[in-house]
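Novice: One structure coming up, written as C-alpha cells, with questions to follow.
Just so it is clear, none of the values below were taken in a lab; they were calculated from the coordinates. A quick note: this is a predicted structure, and the numbers were derived from the prediction, not measured. Quick reminder, even Gly has a Cβ in these numbers, built from the backbone with ideal geometry, and neighbours come from all protein chains shown.
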Amino acid sequence: MKLFPFRLCLVFLLLCAVAYLLCPVAYVLAQEPAAVITGAVTDSETGTSLPDAHVFIAVSMNGSVTDDAGFYRLENVPLGAHRLYVSIVGYEPQALDIFLREAGVHTFDFTLQRAVVEIGEVEVTAERDERWQRRLEKFISLFIGETPNATHTEILNPEVLDFTDKMGRFTARASETLVIENQALGYRIHYFLKEFAATPNRTMYDGEPLFEEMEPSSVEERGRWQQNRSEAFHGSFRHFMLALLGNRVEESGFVTYHRPPSRENLTGSATPSGQRFPVDITTIIKAGDDEQERILDFHGFVDIVYTQEVEDEAYLAWRGRGGRPKYRSSMILLENGPTVVDLKGDIVDPYGVTFYGYLAFERVADELPKEYRPWH
C-alpha cells in the first residue's frame, strides 16, 4: 500500500474543504435521497384505464405519460413539496399537492371526470382575426412578460387561445396545452393553462408548466443559455428562499425590510405603508412539524432588495418610471397566512405568496424548472 506524504495529504484535505465550502448546497443535493411516484389514471364514471395521460411534477422537467393500462411512473423525484398534475384531452385536469418525506415508492391514483365542452361565439373571420390578434399581443405581454428574455420567447400554437375583454377584465382560455419555446433560456415549455385573468391593477394566472431542455445548435448557444439561466436564477424568489433556508441572505446579495400594512383596498387586499424597517430574517422562517419542512410566517410585507443587479430598462418602462435604475426591489405578502416550505425552497401551496415589484415583473419567460441550480 502506497503512503502519501503528510504535506500532500494535508493539501488534499484543504482542497476538499474549500470545495465543500464553496459549493455546500451542490454537495448536499448530490447525496439527497429520491423517491419514485407511481399510480393509475382512470375514468371516474366507467373505471376504465386512460392511456396517454400526461402526468408530471409541475414546474419541473420530470414527466411521463400513462401506458396502455393507464399506469405511470416518475423516477428520481426529490423529497419535499411538489404539485403532481394530470391532464388528458377530453377530461378535467387534476392537481395534487404532495409532500414527500421519505424515499421509496409512493402511489397516487387519479380518477378524471369528463370535461364539458363549451362552444364559444361565432364571429366573422376577418373581424375575429383583427381583434383576436390585438388580444393575443396583450396576452403575450401579460403572460410571457416584457423582460429581455420575453423578446426571445414564442408561443408556437397561439391558435388554441380564446379571449374576452369586458368591463376592465381581460381573460384567456386555452383549448389545448400551450407550447412555448424560450430561445433565451433554452427550454420548450408545455404549459397547461387553467385560468388567466387580468385587471388594470393585477394579473393572475393558474396553470402548470412542464419543462423540456432544448438542444443547442452550437457551443456558443449552449454557453449563452447557461449564462442566461444563471442570471435568471440569481435574484429570483427561489434564490432568496435557498439563501433564507441556508441563513446566507446577506452573503447572497439580499437586503430585507419589513413594511407593515397601512390599510385594505376595495378588493380586500392589504396595501403597504410608506415606512419600512430592517427585519431580522431569522424571525420570518420557523421550524415546521418535522425536519423536512419550515414555516414562512410574517405579518404585512417583506421588502427584498437584490443588490447584485440593477433594474432593467424594460422594468422602468413597465413601471412608468424614469430616472436611473436602482437595485432590484420586490415585496412579498402572505395573503393566506403562514405557508409551509420544504428545504429546497418550494412552497407547498403554490399560491401562498403574492409578489410585487421586480418579482411580479418577471413572468413565464424568466421561469426556470424547479430542479435548476447554477452550481450543477
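Novice: Roughly how big is the chain's charge dipole about its Cα centre, with Cβ charges of +1 (Lys, Arg) and -1 (Asp, Glu), in debye to the nearest 20?
Specialist: 1560 debye
Novice: Give, in nm to one decimal, the length gained when the segment between Glu176 and Ser262 is fully stretched (0.36 nm per residue of separation minus the Cα-Cα distance).
Specialist: Fully extending the segment from Glu176 to Ser262 adds 26.7 nm.
Novice: More than 20 Å apart: what percent of Cα pairs in region 125-213 qualify?
Specialist: Value for region 125-213 (Cα pairs over 20 Å): 34 percent.
Novice: Stretch Leu156-Met204 to full length: gain in nm at 0.36 nm per residue minus the Cα-Cα span?
Specialist: Residue separation times 0.36 nm, minus the Cα-Cα distance, leaves 15.1 nm.
Novice: Something else about it: Roughly what would the spin-label model give for Glu32 and Arg224, points 7 Å off Cα along C-beta, in nm?
Specialist: Between Glu32 and Arg224, the simple spin-label model gives 3.1 nm.
Novice: Two decimals is fine: what's Rg over Rh for region 32-112, C-alpha atoms, Kirkwood radius as Rh?
Specialist: 0.96
Novice: Can you give the convex hull volume of the alpha carbon atoms of the chain per residue, in Å³?
Specialist: 218 Å³
Novice: Based on Cα positions only, what radius of gyration and what Dmax would you give for region 213-318, in angstroms?
Specialist: 17.9, 54
Novice: Relative to a virtual label point 7 Å from the Cα of Arg114 in the Cα→beta-carbon direction, which members of region 68-93 show backbone nitrogen distances below 13 Å?
Specialist: Under cut-off, by backbone N: 90-92.
Novice: List the trypsin sites (Lys or Arg not before Pro) in region 195-256 that DSSP assigns to loop (not H, G, I, E or B) and whose Cβ has at most 16 other Cβ atoms within 10 Å. Which are they?
Specialist: Answer by residue number: Arg248.
Novice: Can you pull the Kirkwood radius for region 162-253, inverse mean 1/r over Cα pairs, to one decimal in Å?
Specialist: 16.1 Å
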